[in-house]
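Shown next, in structure tokens, is the structure this report addresses.
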Amino acid sequence: MRAGGEAAVHPIRRLFGYARVYRGDVVWASVYSVLNKFFDVLPEVLIGLAVDVVVNRRVSFLARMGITDPREQLLALTALTVVVWLCESASEYLYDVRWRNLAQNLQHDLRLAAYAHVQRLELAYFERNRSGNLLAILNEDINQMERFLNGGANQLIQMFTGSLLVGAVFFVLTSKLAALALVPVPFILFGAFWFQARLAPRYAAMREAAGAMAARLNNNLQGIATIKAYTAEEFEAQHITQASNEYRVRNRSAIRWSAAITPVIRVAILAGFAATLLYGGLLTLRGELGVGSYSVLVYLTQRLLWPLTSLAEVTDLYQRSMASIERVMNLLDTPVAIGYEGRPLNAQKVAGALEFRDVRFAYEALAPAAGEASTACGPEVPSIVRLALDGVSLTIAAGETVAFVGSTGSGKSTLIKLLLRFYETRHGSILLDGVAIDEIALQDLRRAIGYVAQDSFLTDGTVAENIAYGQDPCDRAAIEAAARAAEAHEFILELPAGYDTPVGERGLKLSGGQRQRLALARAILKDPPILILDEATSAVDNETEAAIQRSLEALVVGRTSVFVAHRLSTVRHASCIHVLERGRIVESGTHEQLLCREGTYAALWRLQTGESRSARAPGDASEAAAYRASR
């Protein structure tokens, strides 16, 4: 939501304020549109001159210009007509090319700029906004702007130019008739703007409904396996029906108003045309107006007024575009909460020492303002949900392997997100080699970290492209070496095209374990000084877990490694294990030390391994708490 006076800035001004580089194209396209309308009006004038030649011959208008022979007059008119038509055709080609190229270029640049801006937004933005709505903005809304520039802008310019040119001819020939013929024009324009003002909020609501429907469709397509497994097809079909019906209702409201524009304009046109036909004819019968002039006026009345019937279509297209442009520009105006600037960092020179100093962090939930829908660019009211981290302080030496364990919601993954600066700390600081990470250039910080998530993202490319994802061009030998280190080489060779096998959207052609091995190979190829595994083995089978563990034994040597895990067996060899509960570190030590303490960690270990308790009472509080956490 734009603040203060900026909220009143018209969308078209915001668009062209953004696209200053194309102002020259806009000017030339407009010039060609004006010239085309000028040459478009001239044939009606030439028709009037031809009638004048046939009727008045040697006393016609052209005779007074020096061409006395009627045959020569007709030849001159024919030659002039050919020139006018050629100029009209040429100008039409030029304005069409200019406007359409402008639309394509601006669409391309705007989509890239919007997508680049979206990528810079903090992770919290995506958690409070639906991806389907963002897709609707980046795709359909930008396409709507392109449709307007493809034809609507030219139509508006030509309507305005045609009215001026025809009005000028009317006043030259007869001011009395001009006044009558032009009387409907102000009413037509007033009516168009009146309808436009009522269409604007309806089209804005329609675009929001379209975004909501796209969000629902996107969500369902991504979760199609779950929908099928729970036989929820009918349930989700009802959701889509509701979303589509909401869009239909919003659209129907806009249709009722947009459909009324043309009939209203036609009535006004009828009044102007009837006045010209009747009053002009009476003036001609009385000899106050020439036959040729009368012919010109009749034709020009139609030329002036009839194109205004398309004002309904143009107004409709214009309002749709303005609603879309507003959404795109609001997205571009969304502030980037986490800055990318900072001290440069060379990943090869990073030792990897980490320090958390009294780190506190709370997630926020953004609810829609009263009476308004929550959108990707609508008003939002923050409200604190819970404290995720509450005064966490710890030091991780360079090259050390540490692990964070604890119940769901204890703050483990939040620490990782803060380290990657997906979020900014609310209180306290995180240091890398003695430098606060918020002082380091964001991209350099992330280049120094290898990250393997629980559900690793695979792009819709080949196996080799996914292993080399985000890296400079790599040779096949380096890619294969990384795959061997991640124990992925053998299953890759069994794929139809080996390393050149497409993995499908989000890697759906591969199993979960295969995807995780590729993600690990990607981290190995990156060779970062800091490695983070966030529940990387929680969703894989025992064989894959064992393979990943063997790979990690070699991978963690010489680099700072941070593990987040539910399966304690995967972190038992860490040099230090930190147990978190409710955002606080409640225990720290090696696996053996924590077992000897008989605290939360020991209770969790027994629950996961089935080992017997060591002289503990059945009602032991720490074990009961661990059991509840594992539920």
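Things to note:
- Among (1) open to solvent by less than 40 Å² (accessible area, probe 1.4 Å); (2) within 29 Å of N218 (Cα to Cα) - the single one A486 does not satisfy: (2)
- Tallying residues that are modelled with pLDDT under 75 and more than 17 Å from E44 (Cβ to Cβ) within segment 280-293 yields 1.
- Leading residue by the ranking (surrounded by the fewest Cβ atoms within 10 Å (Cβ to Cβ)) among those in segment 585-610 that are outside any helix (DSSP H, G or I) and more than 46 Å from the chain's Cα centre (by Cα): G610
- Which numbered condition S561 fails, given (1) open to solvent by 20 Å² or more (accessible area, probe 1.4 Å); (2) outside any loop (DSSP other than H, G, I, E, B); (3) closer than 29 Å to L518 by Cα: (1)
- Qualifying residue in segment 211-234 (condition: crowded, with 17+ Cβ neighbours inside 10 Å and acidic (D, E)): no
- Test for V385: is it out of contact with any Leu (no Cβ under 9 Å at 6 or more places or on another chain) and modelled with pLDDT under 90: yes
- Residues of segment 309-367 that are closer than 19 Å to A448 by Cβ and either at pLDDT below 85 or within 23 Å of the chain's Cα centre (by Cα) (or both): I338, G339, Y340.
- Within segment 155-171, the residues that satisfy the criterion of being over 20 Å from V31 (Cβ atoms) and surrounded by 19 or more Cβ atoms within 10 Å (Cβ to Cβ) are V169, F170.
- Residue in segment 67-85 that is within 30 Å of M145 (Cα to Cα), of a type outside the set (A, V, I, L, M), at pLDDT 85 or above and in a helix (DSSP H, G or I) present: no
- Top-ranked residue of segment 402-460 - restricted to ones that are basic (K, R) and open to solvent by 50 Å² or more (accessible area, probe 1.4 Å), ranked as farthest from the chain's Cα centre (by Cα): R426
- Residue in segment 499-521 that is out of contact with any Cys (no Cβ under 7 Å at 6 or more places or on another chain), surrounded by 18 or more Cβ atoms within 10 Å (Cβ to Cβ) and farther than 28 Å from L221 by Cα present: yes
- Number of residues in segment 542-591 that are at pLDDT below 85, closer than 16 Å to E400 by Cβ and out of contact with any helix residue (DSSP H, G or I) (no Cβ under 9 Å at 6 or more places or on another chain): the value is 4.
The values are calculated or read from the model by the stated rules, or taken from the named source; none is laboratory data. Bear in mind the structure is a predicted one, so any value in this text is a computation, not a measurement. Every residue, glycine as well, gets a Cβ built from its backbone with ideal geometry; the counts of neighbours run over all protein chains shown. Just so you know, the surface numbers come from the protein's heavy atoms only, side chains and all, with ligands and any DNA or RNA stripped out. Shrake-Rupley method; radii C 1.70, N 1.55, O 1.52, S 1.80 Å.
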